[in-house]
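Down below is the structure, laid out as C-alpha cells.
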Amino acid sequence: MMYAPVEFSEAEYPRVTYQKRQQFWDPIRLALFTLAIVAIIGIAIGIVTHFVVEDDRSFYYLASFKVTNIKYRENYGMKSSREFTERSHQIERMMSRIFRRSSGGGRFIKSHVISLSPSEQGVNILMVLMFRYPSTDSVERIKKKVERTLYQSLKTKQLPFSISKPSLRLTPIDNRKMRSLLNSRCGIRMTPSNMPLPASSSTARIVQGRETAMDGEWPWQASLQLIGSGHQCGASLISHTWLLTAAHCFRKTKDPSKWIATFGTTITPPAVKRNVGKIIVHENYHRETNDNDIALAQLTTQVEFSNIVQRVCLPDSSLKLPPKTSVFVTGFGSIVDDGPTQNKLRQARVETIGTSVCNRTDVYDGLITPGMLCAGFMEGKVDACKGDSGGPLVYDNHDIWYIVGIVSWGQSCALPKKPGVYTRVTKYRHWIASKIGI
Ligand SMILES: *[C@@H]1O[C@H](CO)[C@@H](O)[C@H](O)[C@H]1NC(C)=O
C-alpha cells in the first residue's frame with residue numbers, strides 16, 4: 001500500500017526560502033566558512049602529526065615506597081631467590097593494573113622492581129617505572145600525572161599491597177641511570193634505543209624455522225671461538241665474567257688461552273670480544289652418553305652490561321616447566337644438517353617435551369638421563385643444529401628470561417621424533433653455585 005502524497009502539499013512551504021539562499025554566500029559568511037574549513041584541516045593535520053610524525057620517547061621514574069602489609073624475608077636480599085622473584089612479579093602486576101586502568105593507560109610500558117629492603121613495619125620497595133609520551137612533554141608534568149594516578153588508586157582501589165602514602169617518592173631518571181638500575185637484575189631485554197622488548201615481539205616474527213635476531217634480543221648469547229679456526233660453540237653470559245656452556249665444546253682443547261668469546265648478533269664484526277682465562281668442565285661428563293654436558297668459562301676481563309650484552313637469569317633448582325612450554329633456542333649454528341656456521345644470530349621457538357615421551361623406544365630409546373631436557377617438535381621442522389652446541393634454551397617468565405637448557409645433542413637436526421636434547425640447567429644449579437658462587 002502506498003501513502004497518499006497529498007499530505008506533503010507544496011502549498012505549505014514558505015515561499016521566501018529561495019531568496020534567502022541566494023544571500024547566504026555574502027562575503028562575511030564566505031570568509032567565516034573558509035576560516036572554519038581551514039581550522040578543521042589544521043586540527044586534523046595536528047592530530048595526525050601528533051600520532052604519526054611526532055616522536056614519542058621513553059620517560060623513566062624511580063619509585064620508592066613502603067608496603068606495610070607484608071613482612072621482610074631474608075631471601076628478599078637475593079634477587080635470584082624464588083621469594084624475591086615472586087614478590088616482585090606481584091608488585092609489577094599491581095603497577096600494570098593501576099596504570100593500564102587509568103586514562104593515560106596506553107602510556108605505561110612496564111615496571112621492574114629493583115630491590116626489596118627491610119623497614120620498621122614492612123618492606124621498602126624500589127622500582128623503575130617506564131612510560132612513553134610525546135618527546136615534547138615535560139618530565140615534571142608526566143611526574144605529576146603519574147603521582148595523581150598512584151594517589152588515586154591508593155584512595156579508591158583495592159590493592160593487594162598497602163602502600164604508605166607519605167613514603168611514596170617519584171624521581172625522574174635518565175636512560176643511563178635506568179639501565180644501571182636494571183643491570184642489578186638479570187634477564188631483562190631492551191632494544192638499543194632503550195625500548196623494552198616484549199616476549200611477543202619474538203614470537204610474532206617466528207612462523208616456522210629460524211629467524212635472525214634483532215640487536216638486544218638475546219644479549220646473553222656468546223660465540224666461543226678457537227683462535228685460528230673460528231666459531232665452535234654458543235655460550236650464555238650469567239655474570240660479568242662467567243659463561244655457561246656445554247662440556248663437549250671443549251673436547252678439542254680445554255686450554256683457555258686457545259679460546260676467545262664474542263658477543264653481539266654477528267660473529268664478524270663482534271660487539272664485544274674477550275679472552276678466556278679459565279675453563280671448568282663437569283667432572284662427571286661422559287662423552288659416550290653425553291651425561292653432565294655442562295661447563296663454565298671465565299673471561300679474563302669483565303664485560304660491561306648494556307642493551308647489547310647482558311646476563312641471563314639462572315633458574316631456581318625447583319623450577320619445573322610442564323611439557324609444551326614455549327621456549328627459545330638461539331645460535332649461530334647451521335640451518336640445515338651439516339651446513340655452515342651462520343654469521344648472524346638466529347632464534348627458534350620450540351616446546352619442551354616430557355622425559356617420558358622423549359625417553360620412549362620410538363624416540364630416544366632410554367638415552368635420556370635426569371640431567372637432560374628435550375625440546376622441539378615431535379614432527380620435526382624446528383630444532384637446534386650443529387654449531388648451536390653450548391648455546392641457551394631460554395624461558396620467559398614475566399619479561400625476565402631464564403636459561404633452562406644448554407644445547408647438547410640430538411640425532412641429526414629437526415627430524416621427526418628426534419627433538420633437541422639439552423642439559424637440564426635446574427639439575428646443575430647447585431653445581432654452578434659450588435663452582436663460582438652464583
Ligand atoms: C630412560 O630410560 C632408561 C632405560 O629404560 C632409564 O634407565 C632412564 O632412567 C630413563 N630416564 C629417565 C630420566 O627416567
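For the chain, the Stokes-Einstein estimate of translational diffusion at 25 °C and a viscosity of 0.890 mPa s comes to 98 µm²/s, using the Kirkwood hydrodynamic radius over alpha-carbon pairs.
Over the chain, Cα pairs under 8 Å with separation of 6+ residues give a relative contact order of 13 percent. Under 13 Å from the Cβ of Arg82, count the other residues' Cβ atoms, weight Lys and Arg +1, Asp and Glu -1, and hand me the total. My count for the surroundings of Arg82 gives +1. Across segment 29-39, rounded Karplus estimates of 3J(HN,Hα) from the backbone phi angles (6.51 cos²θ - 1.76 cosθ + 1.60, θ = phi - 60°) give 4, 4, 5, 4, 4, 4, 4, 4, 4, 4, 5 Hz, Gly and Pro being marked x.
Look at Ser389, Ser306 and count the other Cβ atoms within 10 Å of each Cβ; fewest to most, that gives Ser306, Ser389. The modelled label-to-label distance for the pair Ser257/Gln302, using points 7 Å beyond Cα in the direction of Cβ, is 2.6 nm.
Under a 5 Å amide H cut-off, with hydrogens placed 1.01 Å from N, Gly122 pairs with Tyr72 among residues at least 5 apart or on other chains.
Tell me what the chain gives for mean residue ellipticity at 222 nm when only DSSP H runs of n ≥ 4 count, each as -39,500 (n - 2.57), the sum divided by the residue total, rounded to 500 deg cm²/dmol. Show your work: numbers first, answer last.
Details: 8 runs with 94 residues, N = 438.
Calculated at 222 nm, the ellipticity per residue is -6500 deg cm²/dmol.
Taking label positions 7 Å along the Cα-Cβ direction at both Asp338 and Lys324, the computed distance is 3.7 nm, reported to one decimal. Listed by chain and number, the lysines whose alpha-carbon sits under 22 Å from that of Lys143, ignoring those within fewer than 8 places in the same chain, are Lys66, Lys110, Lys155, Lys157, Lys165, Lys177.
How would Trp242, Trp220, Trp431 line up from fewest to most surrounding beta-carbon atoms within 10 angstrom?
Numbers: Trp242 22, Trp220 25, Trp431 19.
If I rank by nearby Cβ atoms, fewest first, I get Trp431, Trp242, Trp220.
Separation of segment 97-149 and segment 366-438 by C-alpha centroid, Å? Taking the Cα centre of each part, segment 97-149 and segment 366-438 sit 37 Å apart.
What does the charge count around Thr369 come to, taking other residues whose C-beta lies under 11 Å from its C-beta (Lys +1, Arg +1, Asp -1, Glu -1)?
On the way: positive: Arg424, Lys427; negative: Asp291, Asp293.
Here the charged neighbours net out to 0.
What FRET efficiency do you get for Thr212 and Leu415 if R0 is 25 Å and r is their Cβ-Cβ distance, rounded to the nearest 0.05? It comes out at approximately 0.60.
Rounded, prolate or oblate: which fits segment 326-436, taking a ≥ b ≥ c as square roots of the Cα gyration tensor eigenvalues, rounded meaning a/c under 1.5, else prolate when a/b beats b/c?
Numbers: a/c = 1.56, a/b = 1.08, b/c = 1.44.
Because a/c hits 1.5 or more and a/b fails to exceed b/c, segment 326-436 counts as oblate.
Work through the residues other than His240 whose Cβ is under 10 Å from its Cβ and net out their charges, Lys, Arg +1 and Asp, Glu -1. Write down the numbers at each step before the final one.
Values: positive: Arg311; negative: Glu304.
Here the charged neighbours net out to 0.
How long is the gain from Thr34 to Lys157 if the chain were fully straight, where each residue apart is worth 0.36 nm and the alpha carbon distance is subtracted? Kindly include the intermediate steps, with their values, before the conclusion.
Details: separation 123, 0.36 × 123 = 44.28 nm, distance 4.93 nm.
Working it through step by step, the gained length comes to 39.4 nm.
Annotation: lysines with alpha-carbon distance below 27 angstrom to Lys435 (same-chain offsets under eight excluded): Lys79, Lys252, Lys254, Lys258, Lys273, Lys278, Lys320, Lys427. In this simple spin-label approximation, Asp26 and Glu288 carry label points 7 Å from Cα along the Cα→Cβ vector, and these lie 10.8 nm apart. Normalising the Debye intensity of segment 254-305 to I(0), with uniform scatterers on Cα atoms only, and taking log10 at q = 0.12, 0.16, 0.30 Å⁻¹ returns -0.36, -0.59, -1.07.
If R0 equals 45 Å, the separation of the Cβ atoms of Arg73 and Ala271 corresponds to a calculated FRET efficiency of about 0.70.
Bear in mind that the values in this text are calculations on the coordinates, not laboratory data. These numbers were taken from a predicted model, which means no experiment stands behind them. Here the Cβ is made from the backbone with ideal geometry for all residues, glycine too, and neighbour counts use every protein chain on show.
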